[in-house]
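Novice: This is the structure I have questions about; it appears just below.
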Amino acid sequence: MGLNIPMLLAYIYDNLDNIVSMLTNSQVGMVYDTLRLNDPKSPLYGRAIMEIKLRRLMDEEYMDFLRSGFRQYGIYVEDYVLRTAVNRLDGIIGWLTLFGWNYVHGNKDLNSIIDTAARDRKLRVILMKSRAEGRYRVMLRTIAEGPRRWSEIKRAVEAEEGVTVDSHNFRPT
């Protein structure tokens, strides 16, 4: 999007008294990596934050979550559809919310939502299995900020790691 999220949130924190910022994610490390809360160079370093950790819900609680959301839109959805969504999306609130939003807006194809979720899970598995997980996260975060040249991605990795990376070991394949 081309936004510097830490800078934007720091501005809101410092200047807009009536606005509360709330970020959610199912992977805590990703929030810390993105916001760089432990980096003294980050605009958010030293700011007061409140972290709320939620427990995993029971299947019936997930069902109630979906029923409540559909009720707000005046839509009744059969329990077997809800149970299928809960089971296939592994009870991940974000994906269940996406399922509900799509369903309300006419896309009732659970498989398309599952395909999106599966791509996200595969990326997480790849990152977790890699010895260079931190490096890949920096690369992905840099790319997510907008189109980048390979040399810019390399410089971002070097800045994050505080070392010079040999160009022979850091090249597109």
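No lab work stands behind these numbers, since they all come straight from the coordinates. Here the structure is a predicted model, which means the values were calculated and not measured. So basically every Cβ, Gly included, is an ideal-geometry build from the backbone, and we count neighbours across all protein chains shown.
Novice: What does the highest-first list of 137-146, 11-20 look like by mean Cβ count within 10 Å?
Specialist: Values: 137-146: 15.2, 11-20: 9.9.
Ranking, from highest mean packing down: 137-146, 11-20.
Novice: How about region 8-98: which GluC sites (Glu not before Pro) there lie in a loop by DSSP and see at most 15 other Cβ atoms within 10 Å?
Specialist: Details: sites: GLU51, GLU60, GLU61, GLU78; in loops: GLU51, GLU78.
Those that pass, being in a loop and sparsely packed, are GLU51, GLU78.
Novice: Considering the dipole of region 1-81 built from charges on the beta carbon (Lys and Arg +1, Asp and Glu -1) around the Cα centre, which of GLY69, LEU37, LEU23 is farthest to its positive end?
Specialist: With unit charges placed on the Cβ atoms, the residue in question is LEU37.
Novice: On to the next question. For the residue pair ASN102 and TYR32, what label-to-label distance in nm results when each label sits 7 Å from Cα along the Cα-to-beta-carbon direction?
Specialist: 3.2
Novice: Regarding region 33-119, what whole-number volume in Å³ per residue does the convex hull of its Cα atoms give? List each step's numbers first, then the result.
Specialist: Details: hull volume 12.0 nm³, N = 87.
Expressed per residue, the convex hull around the Cα atoms of region 33-119 is 138 Å³.
Novice: If you plug each phi of region 38-53 into the Karplus form 6.51 cos²θ - 1.76 cosθ + 1.60 with θ = phi - 60°, what whole-Hz ³J(HN,Hα) values come out, in order, with x for Gly and Pro?
Specialist: 9, 9, x, 7, 6, x, 9, 4, x, 6, 6, 10, 10, 10, 10, 9
Novice: Could you give me the ³J(HN,Hα) list for region 137-142, computed from phi with Karplus coefficients 6.51, -1.76, 1.60 and θ = phi - 60°, whole Hz, x at Gly and Pro?
Specialist: Taking θ as phi minus 60°, the curve returns 5, 4, 4, 5, 5, 5 Hz for region 137-142.
Novice: Continuing with this model, one more query. Using 7 Å Cα-to-Cβ label points, what is the ASP166/TRP150 separation (nm, one decimal)?
Specialist: 1.7
Novice: Apply the Karplus parameterisation 6.51 cos²θ - 1.76 cosθ + 1.60, with θ equal to phi minus 60°, to every residue of region 149-164 and state each ³J(HN,Hα) to the nearest whole Hz, in sequence, with x for glycine and proline.
Specialist: 6, 4, 5, 5, 5, 4, 4, 5, 5, 4, 5, 5, 8, x, 9, 8
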